[in-house]
Amino acid sequence: MKRRIQINIAGRVQGVGFRPTVYRHATAAGLAGFVTNTPAGVLVEAEGEDAALAAFSALLKAQPPVQARVETFAVSDVPLRGDTAFVIAPSQGSGDLLIGIPPDLAMCSDCARDIRDTANRRHGYAFTNCTCCGPRYTIVRALPYDRAQTSMAAFTLCPACQQEYTSPADRRFDAQPNACAACGPALRLLDKQNMPVPDVADPLAAAVDLLRQGRVLALKSLGGYHLCCDATDAAAIRRLRERKHRPTKPFAVMFPSLEQIRAHCEVSPEEEAALADPSAPIVILRRRADSALPAEISPDTHDLGAFLPYTPLHLLLLDRTGPLIMTSGNQSEEPLAVDESELTQLLGTFADFALVHNRPIVRRCDDSVLKLSGGRRILIRRARGFVPGAIPLPMRGPPVLALGGDLKNVFALTRQQQAILSPHIGNLAEFASYSFLKTAVADLARLLQIKPEIVAHDLHPDYASTQFAKEFPAHTHIAVQHHHAHIVAGMVEHNLRGPVLGIALDGMGYGTDGTLWGGEVLLADLCTFHRVAHFKAARLPGGDEATRHPVRTAWSQLVAEFGDEAEAVAAEFLPALTEIERGTLRTMIQQGVRSPWTTSAGRLFDAVAALLGFQGEVTFEGEAAIHLQMLAATAPLPPYPFELVRQRDPWVISFGPTLRAIVQDLRAGTPPAAIAGRFHRTVAAALVETCAALRMRYARHEVVLTGGVMQNDFLLDLLHTGLQARGFKVHSHALVPPNDGGIALGQAAVALAKFFT
Ligand code: ZN
Ligand code: ZN
Ligand code: FE
């Protein structure tokens, strides 16, 4: 019997080749009707025989385009219309423009096959893509997402490409960046002076040779330049480290294939899925003990950041070079280089040569970084492949610009009930990052056609992001406390209205009392919070200087907790501090000179790392804490004693007894691994006890875990398990980073909540 059905499909279904796929399946089944994009997703109407319709919808369900993520697939019957052919109909209404601009998508397996196939006309072509894959966010100048509005506009399609672009049955139908060697972008090899290397017939082959010789290359990738070198060449890696002034911070490695990643790292099925996802993030994996890759890649950890080639250019290179170090082409903490003038700064300073092309990068976007632990996804950096994907907000309201924090800056724009987070902007203390923030805000607001009416910013009066916010013309400016923003970001992700018990373990954020918070338990809802408990405050002698030198923080803790005994302990376990330095610092601490109070969990981890041997300078954020985590034995040792002081509101969690026990253990010759493990368990146990006691008082059983310290998956797992065992419902981040890269989302939600009260 003949019928007509309507199928409404929502999820990531636009810009991924959904309509051509529907067209192919429908015509193959001999059905008539149409497929079209709507503001809500994809709408299909098909008529034909019962059996054909059933086969069609089953096939569509089973074989959607590889890069699609179908969230709803609703089939209903509609009256017959007597269509005679199947067509791709023009999009219905401009609707929500956001839907029209998906994130950049990693090259699909079909395109990978094309460029490796000697018989294919795209064999070896570095800018191959199709409707399922390729650049999006990084090439679009304005919406709607059409070729004329992208950086492909300058390239006129050749007849063969035009044919693909206009044929509904073709994989490249309506693929905006469609191109081939005859009509599309081309590669060039540049020398140190930014001049084309003469007599290079095949820039790719020449680049491969240079990499094999141990040279460092600047590579124009998707959202900016990478610096790359042979990942098996220890000398080349050392050279890159020296040039970047990056002594120990781990480098990411791009591997030609999953098989090669497996040869060097432990890979779980979830990690495999993350690596192969169209977002193609850097996934932090456990390095195998038998991996022959040089230790220089990640000297102080047993982890390795691995990812797969996500552009055809990467694949063509890696097929011939094997694994490559791929690191952001920038000065540390500065934005990624994207254009010619920025390339000039890379050449000579960092790179010996550059492999470039003539498809402009319209929008900067770093690689995303994540790790998986205990079945949870921890985003460390949310950028390529995720941006500009929207995150649903708890409420609809006027457009908000939320400026995030100064470290790991990410800003957010909202429209109606959605928040769009920017990619990673960087450390705003760097002038280049601050300029990037200014242009990126203007650019994204223009692209998404959002005119912010509310500006949300951190409470810290001296943050560059706060200054920027205050100068931004808008009706309303709302300051949001740093850890409240962290916690609300988690609440937004899990659709919680609160009040919840929010645990924010962090570096440092400005508190309502003017001190630097960072080991906080807040009873929080979307609008307000009450500080119910915090880590015991300690002096930070020299402020940022102490953040760079964990031994200083350790010394401050010893002075506070050990009294007369502090000198002897420091002489034994903080050899990096001389007696004279200790004297100077002690005076600063006791007189409160340039020694702000902080309850920071990050600094507590620093102090313990110093006592256990981390005597040097921190060369990247969180280095000492990572050292401590790497050291920690995961065996179930008992926690050390701690103290919960409940005399006053807020309660104080003191690790004084813990530090005394640690020193005792050190003196008894207990291995540092056991001490570090027990310290992690102590922090978790103290917070579990605190929450259990707070539940008696406030009757809240939902807990949100957040803050930069939650990137420590050992601690995060301990907190999840410990709190769950006590009957709490525990939430941590999966959509935004627990670090300051996530706070803009929380700021936006707090601003909206406050606006309506
Ligand atoms: Zn493709
Ligand atoms: Zn062409
Ligand atoms: Fe923070």
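The values are calculated or read from the model by the stated rules, or taken from the named source; none is laboratory data. Here the structure is a predicted model, which means the values were calculated and not measured. A quick note on method: Cβ atoms are made from the backbone with ideal geometry, for glycine too, and the neighbour counts reach across all protein chains shown. Heads up: the accessible areas ignore ligands, DNA and RNA and are worked out on the full protein's heavy atoms, side chains in. Shrake-Rupley method; radii C 1.70, N 1.55, O 1.52, S 1.80 Å.
Summary of computed values
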{"item": "Every residue from region 726-740 that is within 16 Å of Leu694 (Cα to Cα) and not in a loop (DSSP other than H, G, I, E, B)", "result": "Lys729, Val730"}
{"item": "Answer from Pro281, Pro247, Pro198 - the residue that is open to solvent by 30 Å² or more (accessible area, probe 1.4 Å), outside the structural domain of Thr21 (by TED's automatic domain parsing) and touching a Ser or Thr at 6+ places or on another chain (Cβ under 6 Å)", "result": "Pro247"}
{"item": "Scope region 5-34; condition more than 33 Å from the chain's Cα centre (by Cα) and more than 15 Å from Lys61 (Cα to Cα); matching residues", "result": "Thr27, Ala28, Gly30, Leu31, Ala32, Gly33, Phe34"}
{"item": "Residues within region 611-632 that are closer than 14 Å to Phe573 by Cβ, in a helix (DSSP H, G or I) and open to solvent by 20 Å² or more (accessible area, probe 1.4 Å), tallied", "result": "0"}
{"item": "From Gly214, Gly223, Gly184, residue being buried (at least 18 other Cβ atoms within 10 Å of the Cβ), touching a residue at least 12 places away in the same chain (Cβ under 8 Å) and closer than 30 Å to Pro294 by Cα", "result": "Gly223"}
{"item": "Selected residue [touching a helix residue (DSSP H, G or I) at 6+ places or on another chain (Cβ under 6 Å) and in the same structural domain as Leu217 (by TED's automatic domain parsing)] from Thr311, Thr344, Thr321, Thr349", "result": "Thr321"}
{"item": "Test: Asp199 is among the charged types (D, E, K, R), within 16 Å of ligand 2 (Cβ to nearest atom) and either closer than 30 Å to Cys130 by Cβ or modelled with pLDDT under 95 (or both)", "result": "no"}
{"item": "Selection status of Phe679, within 20 Å of Pro639 (Cα to Cα), crowded, with 22+ Cβ neighbours inside 10 Å and in contact with a helix residue (DSSP H, G or I) (Cβ under 6 Å, 6 or more places away or on another chain)", "result": "yes"}
{"item": "Test: residue in region 554-570 that is in contact with a strand residue (DSSP E or B) (Cβ under 7 Å, 6 or more places away or on another chain) and open to solvent by less than 50 Å² (accessible area, probe 1.4 Å)", "result": "yes"}
{"item": "Residues satisfying the stated conditions in region 574-610, i.e. open to solvent by less than 30 Å² (accessible area, probe 1.4 Å) and among the aromatic types (Phe, Trp, Tyr)", "result": "Phe605"}
{"item": "Filter result for His477 (away from ligand 1 (no atom under 16 Å from the Cβ), over 20 Å from Gly223 (Cα atoms), open to solvent by 10 Å² or more (accessible area, probe 1.4 Å) and touching a Lys or Arg at 6+ places or on another chain (Cβ under 8 Å))", "result": "yes"}
{"item": "Residue ID - most open to solvent (accessible area, probe 1.4 Å), chosen from residues in region 139-150 that are away from ligand 1 (no atom under 16 Å from the Cβ) and either at pLDDT 95 or above or in contact with a strand residue (DSSP E or B) (Cβ under 8 Å, 6 or more places away or on another chain) (or both)", "result": "Arg141"}
{"item": "Search result, residues across region 501-548 that are crowded, with 24+ Cβ neighbours inside 10 Å and outside any strand (DSSP E or B)", "result": "Leu526, Leu540, Pro541, Ala546"}
{"item": "Options Ala570, Ala576: the member that is at pLDDT 95 or above and either in contact with a Gly (Cβ under 6 Å, 6 or more places away or on another chain) or assigned to a helix (DSSP H, G or I) (or both)", "result": "Ala570"}
{"item": "Subset tally (residues that are within 12 Å of ligand 2 (Cβ to nearest atom), under 30 Å from Ala89 (Cα atoms) and either open to solvent by 40 Å² or more (accessible area, probe 1.4 Å) or among the β-branched types (Val, Ile, Thr) (or both)) for region 161-181", "result": "3"}
{"item": "Residue in region 725-739 that is closer than 14 Å to Leu501 by Cβ and free of Cβ contacts under 8 Å to residues at least 24 places away in the same chain present", "result": "no"}
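Table: residues versus (1) open to solvent by less than 40 Å² (accessible area, probe 1.4 Å); (2) touching a residue at least 24 places away in the same chain (Cβ under 8 Å); (3) in contact with a Leu (Cβ under 8 Å, 6 or more places away or on another chain); (4) not in a helix (DSSP H, G or I).
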residue: Leu393; (1), (2), (3), (4): yes, yes, yes, yes
residue: Asp406; (1), (2), (3), (4): yes, yes, yes, yes
residue: Thr414; (1), (2), (3), (4): yes, yes, yes, yes
residue: Gln418; (1), (2), (3), (4): no, yes, yes, yes
residue: Lys438; (1), (2), (3), (4): no, yes, no, no
residue: Val441; (1), (2), (3), (4): yes, yes, yes, no
residue: Lys451; (1), (2), (3), (4): no, yes, no, yes
residue: His483; (1), (2), (3), (4): yes, yes, yes, no
residue: Gly490; (1), (2), (3), (4): yes, yes, yes, no
